[in-house]
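The values are calculated or read from the model by the stated rules, or taken from the named source; none is laboratory data. None of the values given here were measured: they were computed from a predicted structure. So basically every Cβ, Gly included, is an ideal-geometry build from the backbone, and we count neighbours across all protein chains shown. Surface accessibility is based on the protein's heavy atoms, side chains included, excluding ligands, DNA and RNA. Shrake-Rupley method; radii C 1.70, N 1.55, O 1.52, S 1.80 Å.
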Amino acid sequence: TNKLQQKSDEIAYERKKYVKAAMVHAWNGYRDHAFGFDEVKPVTGGTTTHWGGLGTTLIDALDTLWLMDMKDEFWEARDWVRDSLDQNVDVDASVFETTIRSLGGLLGAYSFSRDKTFLLKAMDIGERLFKAFSDETSVVPHELVNLKTGRGSNAKWVGSRYIISEIGSIQMEFRDLSWSTGVKEYAQKSERVFEALKKIEPKDGLYPYFLTSLNGELHFASNDVSFGAFGDSFFEYELKLWLQGGRKESMYREMYDKSMDGMHKQLLHVSQNGLWYIGTRMDTIKFDHLTCFMGGLLALGAYTDPEGLDSSRAQRDLRTAKQLAYTCYQMYAQMPTGLAPDVIKFSKSNGFSIVEGNYGL
């Protein structure tokens with residue numbers, strides 16, 4: 001009804017002020033203690049160059065500053081990008097992490113502001129990261145690339161395997177870079193990963209998170225499926241690539257819908273105290289904080305469902321989205337610090353307990 005809608009809008013407006021206040025607090029802490037560094041240490045106020053000294057927090061926050069109308073802070077950050085950001089560093093950078101944070105952050109800032117500073121820096125880091133695709137015998141990029149030399153490699157603990165969230169969560173950024181620069185190869189090579197994944201699509205849509213590449217083809221190297229660590233953003237990109245392409249590339253939406261069907265049938269659980277959560281295939285009581293993105297993703301998928309919001313599929317996904325968001329709220333609300341743990345597990349009698357109490361981004 002109109003009254004309910006009005007009440008909902010009023011509540012949302014009040015909450016909006018607190019959300020922005022939290023961002024102002026966080027940004028001021030970073031600006032005062034670690035401006036231009038990758039991270040600020042929240043307890044000591046110290047700094048880190050954990051991501052290669054690329055000003056990762058600053059660049060990753062640019063679009064949020066713009067959206068929250070923190071324009072003075074945005075332009076101050078732009079000046080740092082223009083005058084101080086050096087991406088020609090002798091660092092073996094994670095292709096995935098640097099793509100989503102640095103390349104994506106710069107492209108997002110350019111999309112909003114149209115300031116060429118951001119496009120020029122995006123072109124620079126994009127060209128450096130793209131050298132990870134240098135192996136013509138493989139459809140997937142190296143996990144690491146040296147930003148100065150262009151040498152590609154894989155982390156020792158991964159060996160010859162690839163992680164699906166890493167190879168399947170760089171396409172939106174490279175497509176956007178391709179459209180912004182006219183360099184078609186950026187889109188074509190990154191999209192080949194999804195085309196190869198489509199060829200080995202499981203019948204239930206649930207992709208295990210470890211793969212190997214042999215003679216230009218991908219093969220699964222594990223059976224476990226996760227919507228948290230190692231798997232999460234691949235499932236996110238299934239939907240968002242379809243949206244990014246104007247809802248015309250049906251392959252991505254079909255992959256997404258099949259994955260969501262599989263998740264509902266096999267991995268969605270309800271705890272003894274009524275909290276909904278998504279487990280992994282190998283551990284049905286474990287729930288990662290990383291999986292909390294699924295509340296927003298399922299809602300986005302429901303509101304853009306080709307069958308319509310009133311369809312049974314969209315209503316199923318919207319219902320699950322609300323329940324998962326509530327579970328994630330409880331992960332914060334039940335902690336003395338107000339900060340959610342990284343990983344929890346559910347028990348039959350006591351709700352959930354902490355598996356990993358750190359909160360690692």
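Once a ≥ b ≥ c are taken as the square roots of the eigenvalues of the Cα gyration tensor of region 118-179, is the result rounded (a/c under 1.5), prolate (a/b larger than b/c) or oblate (a/b not larger than b/c)? Prolate shape, in that a/c is at least 1.5 and a/b is the bigger ratio.
Site pair D204 and K348 shows an inter-label distance of 2.3 nm when each label is modelled 7 Å from Cα along Cα→Cβ.
For region 192-262, what percent of Cα pairs sit more than 15 Å apart?
53
Relative to the compact-globule estimate of 2.2 N^0.38 Å, the Cα radius of gyration of region 231-339 comes out at 1.10. Which of the aspartates and glutamates could be linked to K189 by a straight reach, that is with a Cα gap under 17 Å, when you skip same-chain ones fewer than 8 residues away? Once the sequence-local aspartates and glutamates are set aside, what remains near K189 is E127, D135, E136, E143, E166, E173, D176, E217, E238, E249. Counting only lysines at least 8 places from K17 when in the same chain, those with an alpha carbon closer than 19 Å to its own are K7, K71. Rounded to whole Å, the principal axis extents of the Cα atoms in region 279-361 read 41, 25, 22, largest first. Once you keep just the Cα pairs under 8 angstrom separated by 6 or more residues, what percentage relative contact order results for the chain? Computed over the chain, the figure is 9 percent.
Within the listed set T291, T137, T56, the residue fluctuating most in the Gaussian network model of the chain (springs between alpha-carbon atoms under 10 angstrom) is T137. Solvent-accessible surface of the chain, taken per residue with a 1.4 Å probe and all protein chains present: 50 Å².
Put a dot 7 Å past the Cα of Q334, heading toward its Cβ, do the same for K41, and the two dots end up 3.2 nm apart. Stokes-Einstein diffusion for the chain, with the hydrodynamic radius set to the Kirkwood value over Cα pairs and evaluated at 20 °C in a medium of 1.002 mPa s, equals 98 µm²/s.
Past 20 Å, Cα to Cα: identify those pairs from K286/K348; K198/K240; K41/K156; K265/K286; K198/K286; K198/K258, in the order given. The partial results should precede the final answer.
Details: K286/K348 13 Å; K198/K240 16 Å; K41/K156 27 Å; K265/K286 17 Å; K198/K286 28 Å; K198/K258 12 Å.
Violating the 20 Å Cα-Cα cut-off are K41/K156; K198/K286.
Using the crude model of +1 on Lys and Arg Cβ and -1 on Asp and Glu Cβ, and no other charge, please compute the dipole size for the chain relative to its Cα centre, in debye to 20.
On the way: 42 positive and 49 negative charges, 147 e Å.
Charge dipole of the chain: 700 debye, to the nearest 20.
Taking the Cα-to-Cβ direction at S222 and at L4 and moving 7 Å from each Cα, how far apart do the two end points lie in nm? Going by the 7 Å Cα→Cβ label model, 4.2 nm. Go ahead and set up a Gaussian network model of the chain, Cα springs under 10 Å, then flag whichever of R31, R101, R15 fluctuates most. Checking each option, the largest mean-square fluctuation is seen for R15.
When the Gaussian network model of the chain links Cα atoms closer than 10 Å, the mean-square fluctuations of G108, G29, G152 top out at G29.
For region 321-361, which trypsin sites (Lys or Arg not before Pro) are in a loop by DSSP, counting at most 12 other Cβ atoms within 10 Å? List each step's numbers first, then the result.
Values: sites: K322, K345, K348; in loops: K348.
Those satisfying the criteria are K348.
Can you run the Rg to Rh ratio on region 42-91? Use alpha carbon positions and the Kirkwood inverse-distance Rh. Display every interim value, and only then the final one.
On the way: Rg = 12.3 Å, Rh = 12.1 Å.
Here the Rg-to-Rh quotient is 1.01.
Decide, for region 99-212, between rounded, prolate and oblate: order the square roots of the alpha carbon gyration tensor eigenvalues as a ≥ b ≥ c, take rounded if a/c falls under 1.5, and otherwise choose prolate if a/b is larger than b/c, else oblate. Since a/c reaches 1.5 and a/b is larger than b/c, the shape of region 99-212 is classed as prolate. Stretching the chain fully between E127 and T181 yields a gain of 18.3 nm (0.36 nm per residue, less the alpha carbon separation). Hey, any idea what % of the chain's accessible area is carbon plus sulfur with a 1.4 Å probe? That fraction is 52 percent.
Each 5 Å bin from 0 upward holds the following percent of the Cα-Cα pairs of region 161-231: 3, 16, 25, 22, 16, 11, 6, 1. Taking region 220-260 and a reference point 7 angstrom along Cα→Cβ of V355, the backbone N atoms nearer than 12 Å belong to 225-230.
Within region 1-45, all pairs of alpha-carbon atoms sorted by distance into 10 Å bins from zero give the percentages 25, 30, 20, 16, 9. Based on the convex hull around the alpha carbon atoms, region 33-179 presents an average projected area of 9.5 nm².
Projecting the alpha carbon convex hull of region 1-115 along each direction and taking the average yields 9.3 nm².
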